[in-house]
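I am attaching a structure below and will ask some questions about it afterwards.
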Amino acid sequence: MKHRSSWAVGRGPWACLLVIALSVAASAQQNGKPVFRAGTTLVRLDVRVVDRDGKPITDLRQDEVQVVDGGASRPVVLFQRVSGAAGSYLEAAQRTIASEISTNQGAPQGQLYVLVFDQDHIRSGGEQRVRAAAQEFLRTRVRPQDRVAIYGLPGPGPTQPFTANLSTARLQLDRVHGALDRQGIGPVTEMSLFAAYEICRGNDVVLNRFMSVESAANASNGSSTLMSDFRRSGEEPAVIRQLLRENAQQIVNRADESSRRFLGAFATLLRGFRGIDGRKTVMLFSEGFYGDNVAREIEDVAAAAAETYSVIYAFDLNRRNDAAETAEATSDEPAEIIDRLNSIGSLAADTGGELLKDASGRAGQAMASLPGARVLARTGYARPNQSHINDSRKAIDTALSAPFTQQSLKLEYTTYTGQSLVAGRQRVALSVLADLPVRQDESDVADIVFVVRDSRSGAVAASGSDHLALPSRTETGFSTGQTAWRVAFELPAGDYLMRCVVREPGGVIGSADRRFRVRPIGGPDVNSTDLLFSTPGDPFPVRARGYSAGALVGTLRLHGPTTDKLQRVSARLELTPDNTDGTVRTGRTIDGVVTDVVIGPQGAARDVLFSMPLEKLAAGAYVARAIVRVDGEVVADMGRPVDVIDGAVPELPPAPTSAGAKGVLNGEIVARLVRHAATLPDPVLKKAAIEAGNGQWSAVLTTTATLPAADAVGQRLRGLALMGRDDYAAAAASLSASFDIRPEADVAFVLGWAQIGAGNRVAAVTAFRNANVLDPLMVPAYLALGETYVALGHPALARQALEAGLAKVPASIELKSMLDRLK
């Protein structure tokens with residue numbers, strides 16, 4: 001079944017549509033009546049719509065598009081706007097690949113050139129001039145952002161996939177060779193390929209040339225001794241004619257087989273570009289071939305070109321004699337050349353390209369005349385091969401190795417770098433947001449794959465794959481919904497290139513590139529994790545959100561080798577509006593809050609917290625920039641895009657309160673502290689411990705009043721008594737003094753709750769973290785830390801704390817339960 005519609009590809013905004021195309025197959029049953037089975041296939045159309053002045057329409061809606069196929073309207077199941085790269089290649093790369101959020105919308109793309117040498121249809125030596133011209137083309141016409149592929153068909157010959165390395169490409173040109181012989185040897189005589197085809201076409205004028213004795217004796221006309229013997233022996237002319245026709249047919253069969261071998265390899269090559277977006281300029285170098293018996297194969301190549309957005313420019317490499325190419329010419333050469341060129345000329349015409357005649361002597365000029373970025377429109381589309389749709393792995397592999405990203409599915413993602421427990425490595429969190437069609441069935445899933453390579457060596461540093469559930473509903477005003485996905489992995493410090501690929505069940509693919517740097521965390525210098533903004537329901541947001549009725553809450557963590565390195569820290573957060581949409585908005589600046597230093601196995605650390613009120617701030621896009629200084633020197637300067645949204649912050653889980661602080665006095669950890677004090681020989685401490693065990697908090701304060709301030713146990717008992725009296729600020733001071741004298745996990749845990757009661761949750765974070773540093777198996781400290789982070793508006797940090805706890809205590813039901821609740 002043939003489908004017809006119209007589409008055009010070009011720079012600037014365009015739309016990717018998936019339409020349902022009906023496919024019908026007939027089969028016979030036992031009663032002899034045909035049974036028609038129908039099914040549906042998603043077909044991709046790329047449409048560029050312009051106004052009467054030729055300018056692209058950028059706000060086209062799905063309900064404004066209708067696809068008619070065979071007189072019937074086909075439903076559009078996915079409508080995706082694709083933005084072309086704006087500005088220079090470098091500007092587009094900075095905006096889409098090297099920015100905080102990587103995206104395939106407006107991603108940079110250069111030209112895709114494919115040089116194909118039809119080696120079986122180029123005479124030996126005929127490739128020399130075009131090889132030199134191709135060298136010049138690579139040197140002068142191909143820009144750094146362009147990609148070149150070179151193939152010699154059929155092999156052996158050059159086999160160079162798309163590359164930006166022109167030195168490698170030039171070396172491949174040396175492998176090009178020509179193998180065309182225009183003479184064919186048959187069982188009874190030798191004749192030119194042109195003569196053989198003419199005889200098979202019924203041209204008696206050519207056949208008669210081989211009937212005369214004079215012609216048979218003329219070697220230049222391709223006759224053989226055997227043919228002369230037939231003629232002289234008095235064999236019947238009818239028999240000789242039949243022998244000549246059979247002779248010609250065998251020569252034609254061999255020539256057709258050579259043409260089929262090339263066309264089959266050519267179609268396979270083109271279909272290998274399925275997963276590569278963008279218009280491919282295919283430069284076919286050939287002297288042509290006879291198309292009498294290979295029309296189906298030529299059509300298959302044209303179909304493969306249509307499926308892969310390839311345009312064929314055929315370069316005629318025939319060497320012409322001085323005789324004019326006219327009907328009066330006595331030589332067969334003009335007619336032969338025209339005959340051979342019909343095949344490659346039809347390939348060029350069917351794909352929207354051009355036949356460049358007599359290119360052998362002016363190959364450089366012909367190659368320089370290519371249209372480059374000029375947009376060409378074609379009509380028609382090809383229904384995709386079902387085996388290709390089903391072969392998800394092959395399609396994703398093609399997308400991973402493609403020279404440019406694919407924009408059919410919108411893709412955005414970012415990375416966050418933090419400290420790892422593995423020495424010499426950093427923890428990298430990847431967060432992805434993909435636009436996908438809504439699911440028709442619960443089992444519908446999309447595939448996602450990412451590969452991270454070292455930017456210098458190209459070696460794979462990390463990779464992963466998973467399935468994405470398709471969204472259950474569309475986003476307002478769109479035909480697609482959004483699905484988020486996250487994963488974490490370890491990387492050493494360095495510069496990296498990442499490609500992320502998402503493929504929906506119908507075979508449509510989106511991919512995006514990212515260039516990022518992983519900074520070292522730890523070592524002799526002060527360094528920091530990435531800036532992370534709390535977004536309700538999204539622990540690692542691709543694009544952070546703040547609400548006008550709330551505050552923008554962010555954090556980063558400083559690391560240093562010693563406590564001394566992390567003194568005198570100051571921080572500021574600047575929120576700057578992105579006024580590129582023409583709306584003028586004002587920004588805002590606040591100072592950050594720096595928590596106490598915590599000593600861990602890998603050195604010292606301090607958290608920097610930001611909480612910026614957003615009231616009276618206009619909704620829209622902003623960029624938040626955090627600048628952190630130590631001793632006046634900038635140690636961190638990083639930013640993140642932020643969307644400010646009108647309205648209230650979505651409701652968060654209940655925050656820990658002073659009621660929880662009071663409740664800690666009845667827990668096992670406080671009981672453990674009291675029991676320990678009761679075992680000590682000092683009678684004053686023993687007496688105070690007994691009073692504390694009975695909840696006699698006033699008595700405890702009286703008893704411990706005589707103890708020196710340097711007594712760690714006395715300070716902790718006094719702190720417990722002050723908590724029992726609801727004097728949380730004084731309790732925190734006593735417990736902090738006890739911890740400074742004798743750091744213990746139990747004391748740090750209770751101190752954290754005293755800080756909660758005093759309303760100082762930032763200090764509580766430090767205390768709970770100290771408890772887990774001293775006792776990595778203390779589950780209550782992980783839980784308290786998670787609750788406190790939630791109260792501060794940092795659910796992402798809460799999840800991190802709980803996940804760290806599960807890594808140490810994987811059997812903890814409490815940690816799993818709280819983590820599931822937060823997710």
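The values are calculated or read from the model by the stated rules, or taken from the named source; none is laboratory data. The structure displayed is predicted, hence computed values, not measured ones. Please note: Cβ atoms are built from the backbone with ideal geometry, for glycine as well, and neighbour counts cover all protein chains shown. What goes into the accessible areas is simple: the full protein's heavy atoms, side chains included, and nothing from ligands, DNA or RNA. Shrake-Rupley method; radii C 1.70, N 1.55, O 1.52, S 1.80 Å.
What are the residues in the stretch 545-583 that are part of a strand (DSSP E or B) and farther than 19 Å from F610 by Cβ, if any?
Answer for the stretch 545-583, where residues must be part of a strand (DSSP E or B) and farther than 19 Å from F610 by Cβ: just G560.
For the stretch 144-173, which positions are part of a strand (DSSP E or B) and touching a Lys or Arg at 6+ places or on another chain (Cβ under 8 Å)?
Result: G152, F162, T163.
Here's a check for you: in the stretch 774-786, which residue that is surrounded by fewer than 24 Cβ atoms within 10 Å (Cβ to Cβ) and under 20 Å from V670 (Cβ atoms) is nearest to the chain's Cα centre (by Cα)?
Selected residue: L783.
A further question follows. Count, please, the residues in the stretch 516-543 that happen to be open to solvent by less than 20 Å² (accessible area, probe 1.4 Å) and touching an Asp or Glu at 6+ places or on another chain (Cβ under 7 Å).
The qualifying residues number 1.
Step by step: first the residues of the stretch 793-823, then only those that are assigned to a loop (DSSP other than H, G, I, E, B) and either out of contact with any strand residue (DSSP E or B) (no Cβ under 7 Å at 6 or more places or on another chain) or more than 29 Å from G592 (Cβ to Cβ) (or both), then the one that is least open to solvent (accessible area, probe 1.4 Å). Which residue is that?
S812
Turning to a different aspect of this structure: Among (1) open to solvent by less than 10 Å² (accessible area, probe 1.4 Å); (2) modelled with pLDDT under 95; (3) not aromatic (F, W, Y), there is one condition C500 misses while meeting the rest; what is its number?
Condition not satisfied by C500: (2).
From L792, L822, grab the single residue that is on the phi < 0 side of the Ramachandran plot, touching a Ser or Thr at 6+ places or on another chain (Cβ under 9 Å) and in contact (Cβ under 8 Å) with a residue 60 or more places away in the chain.
Testing whether each residue is on the phi < 0 side of the Ramachandran plot, touching a Ser or Thr at 6+ places or on another chain (Cβ under 9 Å) and in contact (Cβ under 8 Å) with a residue 60 or more places away in the chain leaves just L792.
Going by the conditions given, is F404 under 21 Å from T163 (Cα atoms) and either of a type in the set (D, E, K, R) or free of Cβ contacts under 8 Å to residues at least 60 places away in the same chain (or both)?
No: the conditions fail for F404.
Quick one: would you say R279 is open to solvent by 10 Å² or more (accessible area, probe 1.4 Å), on the phi < 0 side of the Ramachandran plot, modelled with pLDDT of 90 or more and of a type in the set (K, R)?
no
Need at least 3 residues that are open to solvent by less than 30 Å² (accessible area, probe 1.4 Å) and without any contact (Cβ under 8 Å) to a residue 60 or more places away in the chain per element, so show me which helices (runs of 4 or more DSSP H) inside the stretch 646-755 make the cut, counting only ones lying wholly within it.
683-693, 697-704, 712-724, 728-741
Could you list all residues from the stretch 95-141 that are part of a loop (DSSP other than H, G, I, E, B), open to solvent by 30 Å² or more (accessible area, probe 1.4 Å), on the phi < 0 side of the Ramachandran plot and not polar (S, T, N, Q)?
Hits for the stretch 95-141 are I97, A98, E100, R141.
Against the definition (open to solvent by 70 Å² or more (accessible area, probe 1.4 Å), among the aliphatic types (A, V, I, L, M), at pLDDT below 50 and touching a strand residue (DSSP E or B) at 6+ places or on another chain (Cβ under 6 Å)), how does A377 come out, yes or no?
So A377 passes the test.
Would you point out which residue out of R340, R254 is assigned to a helix (DSSP H, G or I), open to solvent by less than 10 Å² (accessible area, probe 1.4 Å) and either closer than 19 Å to D118 by Cα or among the small types (G, A, S) (or both)?
Exactly one residue qualifies, and that residue is R340.
Select from the stretch 87-126 the residues that are more than 30 Å from Y290 (Cβ to Cβ) and β-branched (V, I, T) and list them in ascending order.
T96, I97, I101, T103 - these are the residues of the stretch 87-126 that are more than 30 Å from Y290 (Cβ to Cβ) and β-branched (V, I, T).
Can you pull out every residue in the stretch 412-439 that is touching a strand residue (DSSP E or B) at 6+ places or on another chain (Cβ under 9 Å) and over 26 Å from S99 (Cα atoms)?
Matches in the stretch 412-439: L421, V422, P437, V438, R439.
Read through the list (1) modelled with pLDDT under 90; (2) closer than 18 Å to V130 by Cβ; (3) of a type outside the set (K, R); (4) surrounded by 15 or more Cβ atoms within 10 Å (Cβ to Cβ), then give the number of the only condition that D316 fails.
(1)
Where residues in the stretch 456-481 are at pLDDT 90 or above and surrounded by 15 or more Cβ atoms within 10 Å (Cβ to Cβ), which of them is farthest from A434 (Cα to Cα)?
A461
Another question, then. The conditions are (1) modelled with pLDDT of 85 or more; (2) open to solvent by 20 Å² or more (accessible area, probe 1.4 Å); (3) of a type in the set (K, R), and R640 fails exactly one of them. Which is it?
(2)
Rundown of residues vs (1) buried (at least 21 other Cβ atoms within 10 Å of the Cβ); (2) under 22 Å from I344 (Cα atoms); (3) modelled with pLDDT of 85 or more, yes/no style:
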position	(1), (2), (3)
L226	no, no, no
A238	no, no, yes
L263	yes, yes, yes
G272	no, yes, yes
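State whether the residues of the stretch 191-203 include one that is part of a loop (DSSP other than H, G, I, E, B) and crowded, with 17+ Cβ neighbours inside 10 Å.
Looking through the stretch 191-203, none of the residues is part of a loop (DSSP other than H, G, I, E, B) and crowded, with 17+ Cβ neighbours inside 10 Å.
So, F210, is that one among the aromatic types (F, W, Y) and under 30 Å from I251 (Cβ atoms) or not?
Yes; evaluated as a whole, the condition is true for this residue.
Still on this structure, I have one more. Hey, does the stretch 424-436 have a residue that's open to solvent by 30 Å² or more (accessible area, probe 1.4 Å) and without any contact (Cβ under 8 Å) to a residue 60 or more places away in the chain?
no
Among (1) more than 20 Å from L785 (Cα to Cα); (2) touching a residue at least 12 places away in the same chain (Cβ under 8 Å); (3) open to solvent by 30 Å² or more (accessible area, probe 1.4 Å); (4) not charged (D, E, K, R), there is one condition V594 misses while meeting the rest; what is its number?
(1)
Please pick out the residue among G537, G582, G550, G600 that is under 24 Å from V432 (Cβ atoms), among the small types (G, A, S) and at pLDDT below 90.
Of G537, G582, G550, G600, the one residue that is under 24 Å from V432 (Cβ atoms), among the small types (G, A, S) and at pLDDT below 90 is G537.
With respect to V487, is the statement that it is over 25 Å from A605 (Cα atoms), touching a Phe, Trp or Tyr at 6+ places or on another chain (Cβ under 8 Å) and either of a type in the set (A, V, I, L, M) or crowded, with 22+ Cβ neighbours inside 10 Å (or both) true?
Answer is no for this residue.
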